[in-house]
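The values are calculated or read from the model by the stated rules, or taken from the named source; none is laboratory data. Worth saying up front: this structure is predicted, and the values here are computed from it rather than measured. As a convention, Cβ positions derive from the backbone with ideal geometry for all residues, glycine included, and neighbour counts pool all protein chains shown.
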Amino acid sequence: MTDAAHVADINAKKDALIASAKRCFDLRLQTNAGGNLSVRLARGDAIVIKPSGVGFNECTHENLQVVHLDGTIEPSDHKPSKDLGFHLDLYRIRDDINGIVHCHSPWATGYASAGIEIPCLTVQTIEKLGRMPLIPLSAEGGPQTDVDISPVFRDPAIKAAVLANHGTIGVGKTLMAAQYLAEIIEETAHIAYVRDTLMAAHGKTAADLPQYGTAAEARAAK
Ligand SMILES: [Zn+2]
């Protein structure tokens, strides 16, 4: 790749990241300056990531950082994200990951803070995700780091996870795919809360619910 193509790629990835961040903000998946998101550059060995202290609605070409997978940060006036370590590690261990969206969306983080794994109860989540593992706090009781997060994502089937007392992670082949997962995680947590509240109010238990299989399982059973 020529230097000019590399610069054009950086600019395009910054545009994509800014659009994704604004979408998260508009959908109230992430307010304030928490959360972070990143996208891999076409060269493969570096990413664009939101720095620490910058809100999802305030990302610009000037404040986004370019960071190499070895941890080298291109000159920047901003502090790196506290979560830079796990972003870099996920790109290192999974070459199918080209985008990561991590936010503190309220419905999903509520489940995570109650120590409850969000059930994959919709057709879409059963078929596309299978599971959204709940990752506990670090052994020291602090926020999750790559030590806690990377082992879960070493399973290539895992595309989404939820962090206890913290937030959500969606990964994808593209940043938009990761963005969709951030939205699906939150949507599913909201649906699960409504379902479980209604079931409790009406005295229903899981035994009262029909068992849903995937489309592939339904075809195989015919
Ligand atoms: Zn966070």
Residue that is assigned to a helix (DSSP H, G or I), buried (at least 20 other Cβ atoms within 10 Å of the Cβ) and modelled with pLDDT of 90 or more, where the choices are ILE169, ILE118, ILE149, ILE97 = ILE149
Condition set charged (D, E, K, R) and touching a Cys at 6+ places or on another chain (Cβ under 9 Å), scope segment 7-37, selection farthest from the ligand (Cβ to nearest atom): answer is LYS14
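Every residue, every condition in (1) farther than 21 Å from LEU137 by Cβ; (2) small (Gly, Ala, Ser); (3) modelled with pLDDT of 95 or more; (4) not in a helix (DSSP H, G or I), yes or no:
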| residue | (1), (2), (3), (4) |
| --- | --- |
| LEU181 | yes, no, yes, no |
| ILE191 | yes, no, yes, no |
| MET199 | yes, no, no, no |
| PRO210 | yes, no, no, yes |
For PRO106, which of the numbered conditions (1) under 15 Å from the mean Cα position of the chain (by Cα); (2) away from the ligand (no atom under 16 Å from the Cβ) fails to hold?
-> (2)
So which of LEU175, LEU129, LEU163, LEU137 ends up being of a type outside the set (S, T, N, Q), crowded, with 19+ Cβ neighbours inside 10 Å and within 15 Å of the ligand (Cβ to nearest atom)?
-> LEU163
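Among the residues in segment 152-160, are any touching a helix residue (DSSP H, G or I) at 6+ places or on another chain (Cβ under 8 Å) and within 16 Å of the ligand (Cβ to nearest atom)? Step through it out loud before you land on a result.
Here is the first cut: in segment 152-160, the residues touching a helix residue (DSSP H, G or I) at 6+ places or on another chain (Cβ under 8 Å) are 153-154, 158-160.
Narrowing further to those that are within 16 Å of the ligand (Cβ to nearest atom): 153, 160.
Taking every residue of segment 152-160 in turn, at least one turns out to be touching a helix residue (DSSP H, G or I) at 6+ places or on another chain (Cβ under 8 Å) and within 16 Å of the ligand (Cβ to nearest atom).
Results for (1) closer than 23 Å to HIS68 by Cβ; (2) of a type outside the set (Ser, Thr, Tyr); (3) touching a Gly at 6+ places or on another chain (Cβ under 7 Å), shown as yes or no for each residue.
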| site | (1), (2), (3) |
| --- | --- |
| LEU88 | yes, yes, yes |
| CYS120 | no, yes, yes |
| ARG131 | no, yes, no |
| GLY141 | no, yes, no |
| PHE153 | yes, yes, no |
| ALA160 | no, yes, yes |
| GLU183 | no, yes, no |
Selection from segment 56-94 of residues that are out of contact with any helix residue (DSSP H, G or I) (no Cβ under 7 Å at 6 or more places or on another chain), assigned to a loop (DSSP other than H, G, I, E, B) and within 16 Å of the ligand (Cβ to nearest atom) = LYS79, PRO80, SER81, LYS82, ASP83
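Select from segment 42-51 the residues that are buried (at least 16 other Cβ atoms within 10 Å of the Cβ) and either more than 18 Å from ILE93 (Cα to Cα) or in contact with a helix residue (DSSP H, G or I) (Cβ under 8 Å, 6 or more places away or on another chain) (or both) and list them in ascending order.
Looking only at segment 42-51, we keep the residues that are buried (at least 16 other Cβ atoms within 10 Å of the Cβ), and these are 46-51.
Within segment 42-51, ILE47, VAL48, ILE49, LYS50, PRO51 meet the criteria.
Table: residues versus (1) basic (Lys, Arg); (2) touching a Leu at 6+ places or on another chain (Cβ under 7 Å); (3) at pLDDT 95 or above.
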residue: ASP9; (1), (2), (3): no, yes, yes
residue: ALA12; (1), (2), (3): no, no, yes
residue: ILE18; (1), (2), (3): no, no, yes
residue: ARG28; (1), (2), (3): yes, no, yes
residue: ASN32; (1), (2), (3): no, no, no
residue: ALA42; (1), (2), (3): no, no, yes
residue: ALA46; (1), (2), (3): no, yes, yes
residue: ILE49; (1), (2), (3): no, yes, yes
List every residue pair whose Cβ atoms sit under 7 Å apart, with the two residues 6 or more apart in sequence or on different chains, where the first one lies in segment 141-163 and is over 17 Å from GLY99 (Cα atoms) and touching a residue at least 40 places away in the same chain (Cβ under 8 Å) and the second, anywhere, is within 16 Å of the ligand (Cβ to nearest atom) and hydroxyl-bearing (Ser, Thr, Tyr).
-> GLN144/SER138; THR145/SER138
